[in-house]
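Student: Here it is, the structure in full.
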Amino acid sequence: MGQFKGEGIVLRSMNLGEWDKLLTVFTQGQGRLKIVAKGARKIQSRYASLTQLFCNIRFTVYQGKSVHTFSQVELIEGFRPLREDLGRMAYGIYMLEMIDATLEEGQSHDDILSLLIACLHILSHTDHLELLLAFYELRLLSRLGWGLSLESCPVCGGKMGAKFSIQNLGFPCSACIPGGAGEKPLLTISLAAYSLLKTLCGGDWRRLEALPTGIPGEKEVAAVLDRIIYIKLEKRLESYVFLSQIRSTAR
Ligand SMILES: [Zn+2]
């Protein structure tokens, strides 16, 4: 049986049989891989602490047809604060699941992996959970080819209109407003939310981190992004319920 090495983030961890775990690992160069950790649920297993959600691991696996098996694993970064704080955990799991839901198995996306690792680092200490999620979502959407147009009509590139179209991911001009049955209604977006979206798309994180928490437009931006993700993925992520509970206790 052949072996190969890799490294990546544990996106999903499921129990398998009596003692094993089946992990989905988002790896550098090879995208999402399914890997079995034999005996990972035994108390003394050397894998137990390395196969939890968020762990950034370096590994060697025995190559299988569609599912591989660990022969060696070591921890690069455990992201422990994300498992010790329910709020951080809810936002983090939602970030992981979004990748699991959008990328095909084996589809490599190292730019998205770097984004995820950078955002998990920030999530471990920041107080701006909602802003960070928006920052992450906008970059993820853009890397998936769903970037927002905030300066001009997303269809013709002309002067932008007044209302936001989820379908067009921007403000279409009057000539380009989508029509027809099944069209999503256009959204009115406040000036505060619009300028926050622009800051989020353009700025680096340090600038956003310096903003006060709960700034105007934040909840509106979160609601718009929730809708975009729901429409683009054509479903709600499972972890959305957990995230919504955490959001409602924070408000
Ligand atoms: Zn137009």
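Student: From the residues in the range 38-95 that are β-branched (Val, Ile, Thr) and open to solvent by 20 Å² or more (accessible area, probe 1.4 Å), which one is modelled with the lowest pLDDT?
Tutor: Ile43
Student: Could you list, in sequence order, the residues of the range 159-216 that are without any contact (Cβ under 8 Å) to a residue 60 or more places away in the chain, away from the ligand (no atom under 13 Å from the Cβ) and part of a strand (DSSP E or B)?
Tutor: Within the range 159-216, Leu187 is the sole residue that qualifies.
Student: Name the residue that is modelled with the highest pLDDT, counting only residues in the range 96-107 that are buried (at least 16 other Cβ atoms within 10 Å of the Cβ) and not aliphatic (A, V, I, L, M).
Tutor: Selected residue: Glu97.
Student: Let me ask something else. Being of a type in the set (Lys, Arg) and over 25 Å from the mean Cα position of the chain (by Cα) is the filter here, so list the residues in the range 1-44 that pass it.
Tutor: Of everything in the range 1-44, those that are of a type in the set (Lys, Arg) and over 25 Å from the mean Cα position of the chain (by Cα) turn out to be Lys38, Arg41, Lys42.
Student: With (1) open to solvent by 40 Å² or more (accessible area, probe 1.4 Å); (2) within 13 Å of the ligand (Cβ to nearest atom); (3) touching a residue at least 12 places away in the same chain (Cβ under 8 Å) as the list, and Ser149 as the residue in question, which single condition is left unmet?
Tutor: (1)
Student: A further question follows. Do you know which of the residues in the range 107-146 that are of a type in the set (Gly, Ala, Ser) and over 24 Å from Arg207 (Cα atoms) is farthest from the ligand (Cβ to nearest atom)?
Tutor: So the residue we want is Ser108.
Student: Could you check Leu86 against (1) within 24 Å of Ala101 (Cβ to Cβ); (2) outside the structural domain of Asp110 (by TED's automatic domain parsing) and say which number it fails?
Tutor: Answer for Leu86: the failing condition is (2).
Student: Quick one: what pairs do we get from the range 1-16, first residue of a type in the set (Val, Ile, Thr), second at pLDDT 95 or above and part of a strand (DSSP E or B), C-beta under 6 Å, 6+ apart or different chains?
Tutor: The qualifying pairs are Ile9/Phe26; Ile9/Asn56; Val10/Leu23; Val10/Val25.
Student: Under 7 Å by Cβ, and 6 or more places apart or on different chains, what pairs join a residue from the range 43-57 that is at positive phi and in the same structural domain as Trp19 (by TED's automatic domain parsing) with one that is part of a strand (DSSP E or B) and crowded, with 17+ Cβ neighbours inside 10 Å?
Tutor: From the range 43-57, the pairs are Phe54/Ile9; Phe54/Val10.
The values are calculated or read from the model by the stated rules, or taken from the named source; none is laboratory data. Because the structure is predicted, anything quoted here is derived from the model rather than measured. Here the Cβ is made from the backbone with ideal geometry for all residues, glycine too, and neighbour counts use every protein chain on show. These area figures cover heavy atoms from the full protein model, side chains too; ligands, DNA and RNA do not enter into them. Shrake-Rupley method; radii C 1.70, N 1.55, O 1.52, S 1.80 Å.
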